[in-house]
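Next up is a structure, given as structure tokens.
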Amino acid sequence: MTQPLIEIRSAPHVQSAKTVETIMRNVVYSLLPICAFYVFQYGISALASIAVVTGACLLTERFFVRTGTQAGRLSDYSAVITGLLLALTLPPGFPLWMGAVAGIVAIALGKALFGGIGFNVFNPALVGRAFVQAAFPTAIATYTPSFLPGRFTEFIPSTLAWPLMIPADATAWLKAKNLDALAGATPLAKWKFDGVIANADELLTSLSGHMAVGPSPLLILLCGAYLASRRYMDWRIPLAVLGSAALTAWLLFAFDPARYPNPFFMLFSGGLILGAVYMATDMATSPVTPKGMWVYGALIGLLTVVIRYYSGLPEGVMYAILIANAASPLIEKITQPVPFGRGVLDRVKKRATYPLNPGYISREEASAVTPKKRFLPNKPKK
Amino acid sequence: MKLVSYFRGEAFQRGVHPPSCKLTAERRIRRLPFPDRVTVPLSQHIGKTPRAIVRVGQEVVRGQPIARSDEWLSVPHHAPLSGVVEFIGLRPGMRGPWVESIVIRAHAGATQEDLWGRPRDLSQATGQDILQAIWDTGMVGLGGAAFPTHAKLSVPKQAKVHTLVVNGCECEPYLTCDHRVMIEHAADLITGIRYAMRATGAVRGIIGVEDNKPDAVLVLRQAIADAAAAGVTEEIHVEAVPTKYPQGAEKMLITALFGAEMPAGGLPIALGMVVSNVGTLAALGKLLPLGQGLTERVVTVTGPGVAKPGDYRVILGTPLKFVLDYAGAPAVDAMDARQVILGGPMMGQAIASLDVPITKGVSGVLVFRREDMQERESRQTYPCIKCGECVESCPMGLNPSTLGMLAAKREYELMGEQYFLGDCFECGCCTYVCPSNIPLVQQFRVAKQILREKAA
């Protein structure tokens, strides 16, 4: 009889259902409602922007996976996440060719350069955005108001700019719609340059006015709560980012209310919510240790508020996250968990409900004091 | 019991909750027939390997010692069958390499009674006498680690033991042998606990049972009440602890029961405790008064590939093939790729040959069919995405993510010195949760082995 075929594998022989694919797929699912509302806000320009940026990311990823430059597969959905997030951080009327450049740079410089999924040091989507921010400073600062009439039939003129050409100015186009150019400014730019602080309802959904806010913060929080409850995302980082930003903003607000905006405005304006929930929680670029996650998140929150208040830029989330990404290996190194039984002995003693032995004996001591032959089992008599 | 865990909160920090899959929890323990040939490996436990004290062609009766060593950390083996020693030499072993074994062929028509044991009265025996009697039974930890029981229960002169912790957690999925033993041999277990308490000088015994076995808790409480009514004065409690893997590890169980964290590198004796498994103590309670040797144990034969899963009383040395034939593992007859595991699915050993015998440390036999493994096989291995799942599941509070990356870079010394690789007891939680499908535990095993070889 032939021996039946048996396979050998190392323990454990069972595994939880969670894989890289399921994590990434669920993040994509949670991004879909946000994208849908974003398209509802800004119309077909936003749709085209999301499609082009995500497409560029996927094609670049495919190229690098095919040539064997980077690990991972296209089906792990991580490039889709990068594309969607990148598109959500760009203005809705961002020229499509610039969006494609952003997508290519995000994957090529942000991810493939380091070796692909898991190896990237910086959040790929933010690398792409930082690149276009430096390359196209005017285009990336040009926002259009949301809920424009005819947004589902007509592109924002800058969207369809020819490659390598400067996009058309939106001012004339807005004038034709009886809106002044300032209507297209973001709440943060308005606060920074004009000292106007937007209302809460405008910030949260922008349903009432024509304010050029980004993706809806309320929806992002909701989708983030879904991810955190399914444990596809760590809840500590968003909490730390928002908590530290709110605390810093509140301290400054309490110090001088005339000069600094209220913390609520700081939290819900700009990309802070999107950054805290989706960008800062990028697994590969955040620390793995629980303590490190708190430190990392707090650093992002603090840096965001500092950049917003004291730099020439209205928005600081992107740079805050990139700086924290760079600091994350260091943070991880100094926040290693304390292994079981290696904590302070006093704490160990305090937690014990039964009295401990006064003379603690280590394993080495125990073996040293144990005689090698306590008793001689049936030793033959000579 | 759920209420208990609600109010007590988490048992110990981190850990995982794999699906329990306890298919055989409701079935009575049944005896497996005697095979016509048994293979007794000489090395069945941690410590020194005993040497054979029988020769080929010698007739042995069931329960007769056939291997012995004079070393402290070693126990004798007893003949599981009445028969003739047919062969002494290398046979397939559990870990792969062939090991020195004694093969005994059964006498057809022998009664297979244990005729060797001599009943004795241990009611006035000292702790040292009981330890000697435990050594005579050849008892090792039946939970899986197979550490000689007399060594575990002997207390160094300087130390004092106040509590005997009895481990009835059985946190591994699929396995139910300890569960059934607690229910069906509760009286033996109480007897065994009393002997162990006298051997160690403990003033109280605490049985820790996971709260997914409420029936065992009730049966044990009843057994303790019965014993107390019969005049037993020892203080024995049953405590339900919240179900979580790896609760069966002694450090985790002590934390769950007392909230005390065992100092790293120490033994439970440092906290004045000795931990032993319910299966071991139940077997002791049965064997010690009879003066018999350990010749059989309860094994859970289960898994999707087994037609008649159940807890079987198997004589030691029974070849796996015989066990699986009896339990009806249909996949065994087909030329189908599958996996046979000795022990539980989290820490068990996949074996390469069905000629491997059941030994003292085998608590379960698991059979997975080809279709059960397909999902795992189709999984791709990704680089570590630093999700932190492993850090949040490691019961020892290590950082498996960083350890894994260091292992890939062969930085074994760094792993041992700065990241406490030595604290890892290979429970498998990190590999269980890893979404990137990285064989972390295997990497750690290799790293530990290399470090051991370097130190030697």
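Taken together, the values in this text are just the output of simple stated rules run on the coordinates, not laboratory data. Quick caveat: nothing in here was measured; it's all calculated off a predicted structure. Cβ coordinates were reconstructed from backbone atoms using ideal geometry, including for glycine residues, and neighbour counts include every protein chain displayed.
Can you give the calculated 222 nm mean residue ellipticity of chain B, where each DSSP H run of n ≥ 4 adds -39,500 (n - 2.57) and the sum is split over every residue, rounded to the nearest 500 deg cm²/dmol?
-9000 deg cm²/dmol
Also: Along the charge dipole of chain B, Cβ charges K/R +1 and D/E -1, which of B:Val85, B:Ala260, B:Ala455 sits furthest on the positive end?
B:Val85
If you don't mind, there's one more thing I want to ask. Whole angstrom only: what separates the Cα centroid of the stretch A:213-274 from the Cα centroid of the stretch B:125-144?
Each part's Cα centre sits 63 Å from the other's.
In addition: When only Cα pairs under 8 Å and 6 or more residues apart are kept, what is the percent relative contact order across chain B?
19 percent
Using only the alpha carbon atoms of the protein assembly as shown, find the Kirkwood hydrodynamic radius as the inverse mean reciprocal pair distance, in angstroms to one decimal.
30.4 Å
Under 15 Å between alpha carbons, and skipping anything fewer than 8 positions from B:Lys160 in its own chain: which aspartates and glutamates qualify?
A:Glu365
Per 20 Å bin, what percent of the C-alpha pairs of chain B does each bin hold, from zero upward?
24, 59, 17, 0
Find how many whole Å separate the alpha carbon centroid of the stretch B:35-80 from the alpha carbon centroid of the stretch A:62-123.
64 Å
According to the square roots a ≥ b ≥ c of the eigenvalues of the Cα gyration tensor, what is the shape class of the stretch B:148-297, taking rounded for a/c under 1.5, prolate for a/b larger than b/c otherwise, and oblate for the remainder?
Rounded.
How far apart, in nm, are the 7 Å Cα→Cβ label points at B:Thr126 and B:Gln13?
According to this spin-label approximation, the distance is 4.4 nm.
So who's got an amide H within less than 5 Å of the one on A:Arg9, skipping anything under 5 residues away but keeping other chains? H placed 1.01 Å off N, in plane.
B:Ala350
With viscosity set to 0.890 mPa s at 25 °C, what whole-number translational diffusion coefficient in µm²/s follows for the stretch A:19-162 from Stokes-Einstein and a Kirkwood radius over Cα pairs?
162 µm²/s
Right, another one. In percent, what relative contact order does the stretch A:19-162 have, based on Cα pairs under 8 Å that are 6 or more apart in sequence?
31 percent
What nm value, rounded to one decimal, do you get for the distance between B:Asp70 and A:Ala254 when each label is placed 7 Å out toward the C-beta?
With each label point 7 Å from Cα toward Cβ, the separation is 7.8 nm.
Please compute the modelled spin-label separation between B:Arg204 and A:Phe40, points set 7 Å along Cα→Cβ, answer in nm with one decimal.
Between A:Phe40 and B:Arg204, the simple spin-label model gives 6.1 nm.
Could you pull out the pairs from A:Lys333/B:Lys360; B:Lys360/B:Lys448; B:Lys22/B:Lys360; B:Lys157/B:Lys360; B:Lys157/B:Lys213; B:Lys152/B:Lys386 whose alpha carbons sit more than 32 Å apart here?
In this structure, A:Lys333/B:Lys360; B:Lys157/B:Lys213; B:Lys152/B:Lys386 lie more than 32 Å apart at Cα.
In terms of the ratio Rg/(2.2 N^0.38 Å) built on C-alpha atoms, what value belongs to the stretch A:278-333?
Ratio of Cα Rg to 2.2 N^0.38 Å: 1.09.
Please list, in chain and number order, the residues 5+ apart from B:Gly248 or on another chain whose amide H is under 5 Å from its amide H, with Hs placed from the backbone.
For B:Gly248, the qualifying residues are B:Cys171.
Spelling out what I want: for every residue of the stretch A:298-314, take phi, set θ = phi - 60°, compute 6.51 cos²θ - 1.76 cosθ + 1.60 (Karplus), and round to whole Hz; glycine and proline get x.
5, 4, 4, x, 5, 4, 4, 5, 4, 5, 4, 7, 10, 10, x, 8, x
Which whole-Hz couplings ³J(HN,Hα) result when phi for each residue of the stretch A:56-63 is put into the Karplus expression 6.51 cos²θ - 1.76 cosθ + 1.60, θ = phi - 60°, listed in order with x for Gly and Pro?
Listing the rounded values in order: 4, 4, 5, 5, 5, 4, 4, 4 Hz.
Could you check how many percent of all C-alpha pairs in the stretch B:19-138 are farther apart than 19 Å?
Result: 58 percent of Cα pairs exceed 19 Å.
Filter the chymotrypsin sites (Phe, Trp or Tyr not before Pro) in the stretch B:60-122 to those in DSSP coil with at most 16 other Cβ atoms within 10 Å of their Cβ, and list the result.
Counting only loop positions with at most 16 other Cβ atoms within 10 Å, the chymotrypsin sites (Phe, Trp or Tyr not before Pro) in the stretch B:60-122 are B:Trp98.
Which of the aspartates and glutamates could be linked to B:Lys321 by a straight reach, that is with a Cα gap under 13 Å, when you skip same-chain ones fewer than 8 residues away?
Reachable aspartates and glutamates: B:Asp36, B:Asp333, B:Asp355.
How high is the relative contact order of the stretch B:168-260, given as a whole-number percent (alpha carbon pairs under 8 Å, six or more residues apart)?
36 percent
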